[in-house]
Amino acid sequence: MKAVVLAGGQSSRMGQDKALMKLGERNVIEYVINNLSQVFDEVYISGNHSDYPYSKGIIKDVIAHKGPMGGICSALEYCKDDIFICSCDMPFFSSELIKNMLQRKEGNRINVAQYQQKVYPVVGIYPYRFLDAFTKSIEKEDLKMMHFLQQQNASYIEFSGEYENQFLNINTPECFKNAEILIKQLRS
């Protein structure tokens, strides 16, 4: 299994590329890559920029502007293997949580994280065998991840309060301020 960081979003709510924003001493995406690298030998970035750091390679979208569906589909096609997906804006997602997901996954199914009844489609295990289903969904312009997960009978791996900060994603300037506070707390 290979790991892929989804970094192809528009960052419209943030107003700049959130993956490359400095959080403490590193770019946000560096935290994600570092955590994935502790578990996986190969970590790729799915995105349309060429200036992302520290990965095995950049996977460009086969069909642009299709959101997470397009990024995951392109990653499956490129890797030709099962993939573990994590969004570029989740710097606190730990290697322990990743290992926990891998231990609890249900074979031959899409497995995604769920925390406090919220499903995280951009944190999960996507088997290669779902490539055709992704391709067909994109061709129909059916790009809603939750709809796709329901259609494919995905497994939801529930996490409890001890993982709270790990599900913080940085989508807005306010979320980024919260992340800066958290990174300072973790360092002291």
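With a 1.4 Å probe rolled over the protein heavy atoms of all chains, the accessible area of 186, 102 falls in the order 186, 102, largest first. Of all DSSP bridge pairs formed entirely within the chain, close to 40 percent run antiparallel.
In this structure the chain gives 50 Å² per residue of accessible area when probed at 1.4 Å with all protein chains present. Cross-link partners among lysines for residue 22, C-alpha distance below 21 Å, same-chain residues fewer than 8 apart left out? Here the lysines satisfying the reach criterion relative to residue 22 are 177, 184. Take every pair of alpha-carbon atoms less than 8 Å apart whose residues are at least six positions apart; their mean separation over the length of the range 57-188 yields a relative contact order of 30 percent. Looking at the range 95-188, the pairs of alpha carbons with a distance over 20 Å make up 47% of the total. Against the chain, whose longest principal axis comes from its Cα atoms, helix 28-37 is set at around 60 degrees. Counting only aspartates and glutamates at least 8 places from residue 105 when in the same chain, those with an alpha carbon closer than 12 Å to its own are 158. A simple spin-label model places the labels of residue 25 and residue 118 3.0 nm from each other, with each point 7 Å out along Cα-to-Cβ.
Note on the chain: along the principal axes its Cα atoms extend 47, 34, 30 Å, ordered by decreasing extent.
The values are calculated or read from the model by the stated rules, or taken from the named source; none is laboratory data. Predicted, not measured: the structure shown is a model, and the values here were computed from it. Positions of Cβ are generated from backbone atoms using ideal geometry, with glycine treated the same way; all protein chains shown enter the neighbour counts. For accessibility, only protein heavy atoms count, side chains too; no ligands or nucleic acids. Shrake-Rupley method; radii C 1.70, N 1.55, O 1.52, S 1.80 Å.
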